[in-house]
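One structure is given here, and the rest of the page talks about it.
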Amino acid sequence: MNLNRLAVFVALVRAGSFTAAAEHLGMTKAMVSQHLLRLERELGVTLLVRSTRRMALTEAGAVFHADCVQLLEQAQAAIERIGDQRSKPTGTLRLTTSTDYGAAVVAPALSEFRRLYPSLQIDLVIDDQINDLIAERFDLAIRIGWLRDSSLRATRLGSFRQLVMASPAYLAEHDTPRRPEDLAMHGWIAMSALATPLRWTFTRGNSRRIVRMRQVMQANNAAAIRALVLAGAGVSVLPDYLVQEDIQAGRLQVLLAPYRLQEGGIHAVYPDPQPPAKVRAFIDFMRDRLAKR
């Protein structure tokens, strides 16, 4: 059944005449009459009895009219709820990110974000695996590093630096490296999740140097590598967002500061081509927050 005919029928009863209903709906009087005739034919009942001067609902028409009013009100409410989701953050924001970045950056950011939208619920899943956003019903993921090719949408939020780090205790026992090549003589704590954990490229101006490290330990998690470096177990690369407080407190020291490693990206990844307001608001919030770091 064409639901537009229900709306025409309700408008006709409310207006009290075909002429008034046609003016209200912006259609011809003949079109209003045609909608009513087709609706009655589909239902197999007479809804309105009319003469040249007046019209009146039949008993079946009165019952059907009451049901149509309720149905159209429910449809309008559903449309308004969808509009609310498009225009203001509502419901539950379900997102996922890596263990290190989630604990260090995303969780504190979410606390501040919810102060802006106190009615919004938050469901944060921290996992170092790449989750299936559609199958697991995530609104978005915050991905760190270099994105894989996928059909998902992505928005760049910012970037992070990779820093060569060591503890003062380690450096007290070993010579401080002055050039990238010096690192080959130090004990390297490798990030096993990387494709080439022992091969690093350093740049300084137009100079580019590739160094292969000597592994003494490895771990699959940046937080674990940070703990090992803090304990003086060796030298490694750590993301700046994870070690800022350690550097300020003097617990860790940046090595080879004039040289740079490739920066990593911070992206919001989401499956919906038209993301709801809660997703758009969090993306804007994170982009602004990271820009102020």
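The values are calculated or read from the model by the stated rules, or taken from the named source; none is laboratory data. Note that the coordinates shown come from a computational prediction; the quantities given were computed from them, not determined experimentally. Here Cβ is always computed from backbone atoms with ideal geometry, including for glycine, and neighbour counts include all displayed protein chains. We work out accessible area using only protein heavy atoms, side chains counted, and drop any ligands, DNA or RNA first. Shrake-Rupley method; radii C 1.70, N 1.55, O 1.52, S 1.80 Å.
Descriptive notes on the structure:
- Helix 240-249 vs. the chain, principal-axis angle (Cα, 0 to 90°, nearest 10): 50
- In a simple Cβ point-charge model (Lys, Arg +1; Asp, Glu -1; nothing else charged), the stretch 151-293 has a dipole of about 460 debye relative to its Cα centre.
- In the chain, excluding the sites themselves, the longest stretch lacking any of the GluC sites (Glu not before Pro) that are in a DSSP loop with at most 16 other Cβ atoms within 10 Å is 1-135.
- Nonlocal amide H pairs with residue 90, under 5 Å, H built at 1.01 Å: 278
- Per residue, the accessible area of the chain comes to 57 Å² when a 1.4 Å probe rolls over the protein heavy atoms.
- Under Karplus coefficients 6.51, -1.76 and 1.60, residue-wise ³J(HN,Hα) of the stretch 257-270 in Hz, glycine/proline x: 4, x, 9, 10, 9, 4, 6, x, x, 10, 10, 9, 10, 8
- Database remark: amide H of residue 48 closer than 5 angstrom to the amide H of 58 (H placed geometrically; neighbours at sequence offset of 5 or more, or on other chains; Pro and chain starts carry no H).
- Residue-averaged [θ]222 nm for the chain, counting only DSSP H segments that reach four residues, each worth -39500 (n - 2.57): -12500 deg cm²/dmol
- 0 to 90° range, to nearest 10: angle between helix 107-116 axis and the chain longest Cα axis: 30
- Candidate values (1) 68, 16, 15; (2) 47, 21, 17; (3) 27, 26, 19 were compared with semi-axes √(5λ) of the Cα gyration tensor in Å computed on the shown model; the agreeing label is (1).
- Of 198, 224, 238, farthest towards positive along the dipole that unit charges on Lys, Arg, Asp, Glu beta carbons give the stretch 144-264: 198
- Accessible area of the stretch 186-293 belonging to carbon and sulfur atoms, whole % at 1.4 Å probe: 45
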